[in-house]
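Working notes for the structure below.
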Amino acid sequence: MDKKIAILATHGFEESELKSPKETLEQQGWTVHIVSPEAEEIKAWAKTNWGQAYKVDKVLSQTRPSDYDALVLPGGVINPDQLRTNRDAIAFVKHFFDEHKPVGAICHGPQVLINAEVVNGRTLTSVEAIKMDLKNAGARWVDEEVVVDNGLVTSRTPKDLPAFNKKMVEEIREGVHA
């Protein structure tokens, strides 16, 4: 079954947290687009310095979330901080929750979910640095390698990517979560 997945990112995303899920999802035979407020390309952050540039497949302002079956939000410190103040990005994210589509967020990625106001009452995990932000937004934060809450898949850091990727594939296969 063909699926279409959006990875929403901008400059400063943690390289492994975009690259690894993208490769895993493409290995399923699915179409994966990097969607960004920026045109042409965005630059990764690779642990301690700027990493590679990645081609942007779709510019956010010209992209309809209804075209996608699932969403992935990579972390990095800079990336989610930029996206969470972008109205188009927040509206894009909210669509997936309104339609009960699978969403994956890793590391600092859940910061975007706070501003989209979709974490209240949900159980999730993240990098330790944003634990209190999530709790203050009404989330139940747990320290586990991967957490699934009704189609929302969250993980802490790049070391959790194997578990994150596996659960993302499962949730996307399941589809809409009523």
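The values are calculated or read from the model by the stated rules, or taken from the named source; none is laboratory data. Model, not experiment: these values are computed from the prediction. Heads up, the Cβs are rebuilt from the backbone with ideal geometry, glycines too, and the neighbour counts pull from every protein chain shown. When the accessible area is computed, the model is the full protein with side chains, heavy atoms only, and any ligands, DNA or RNA have been set aside. Shrake-Rupley method; radii C 1.70, N 1.55, O 1.52, S 1.80 Å.
Here are the numbers:
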item	result
Meets criteria (farther than 23 Å from Gly175 by Cα, at pLDDT 95 or above and among the β-branched types (Val, Ile, Thr)) for Val103	no
Number of positions in region 7-50 that are of a type in the set (Gly, Ala, Ser) and more than 21 Å from Pro162 (Cα to Cα)	3
Qualifying residue in region 63-76 (condition: of a type in the set (Ser, Thr, Tyr) and over 21 Å from Val169 (Cβ atoms))	yes
Checklist (1) touching a residue at least 60 places away in the same chain (Cβ under 8 Å); (2) within 13 Å of the chain's Cα centre (by Cα) applied to His177, failing item	(2)
Candidates Ile34, Ile42 - the one that is free of Cβ contacts under 8 Å to residues at least 40 places away in the same chain, within 14 Å of Asn86 (Cβ to Cβ) and assigned to a strand (DSSP E or B)	Ile42
Members of region 126-154 that are closer than 19 Å to His177 by Cα, under 14 Å from the mean Cα position of the chain (by Cα) and either surrounded by fewer than 16 Cβ atoms within 10 Å (Cβ to Cβ) or small (Gly, Ala, Ser) (or both)	Gly151
Any hit, region 44-58, residues being under 17 Å from Leu152 (Cα atoms) and touching a strand residue (DSSP E or B) at 6+ places or on another chain (Cβ under 9 Å)	no
Number of the exception - Val56 against (1) open to solvent by 10 Å² or more (accessible area, probe 1.4 Å); (2) in contact (Cβ under 8 Å) with a residue 40 or more places away in the chain	(2)
Residues satisfying the stated conditions in region 23-36, i.e. of a type outside the set (Ser, Thr, Tyr) and surrounded by 20 or more Cβ atoms within 10 Å (Cβ to Cβ)	Leu25, Val32, Ile34, Val35
Ala70 vs. criteria buried (at least 16 other Cβ atoms within 10 Å of the Cβ), under 23 Å from Ser16 (Cβ atoms) and either under 14 Å from the mean Cα position of the chain (by Cα) or not small (Gly, Ala, Ser) (or both)	yes
Search result, residues across region 36-59 that are within 16 Å of the chain's Cα centre (by Cα) and modelled with pLDDT under 95	Trp45
So Ile106, is it of a type in the set (A, V, I, L, M), farther than 26 Å from Met1 by Cβ and either open to solvent by less than 10 Å² (accessible area, probe 1.4 Å) or in contact (Cβ under 8 Å) with a residue 12 or more places away in the chain (or both)	no
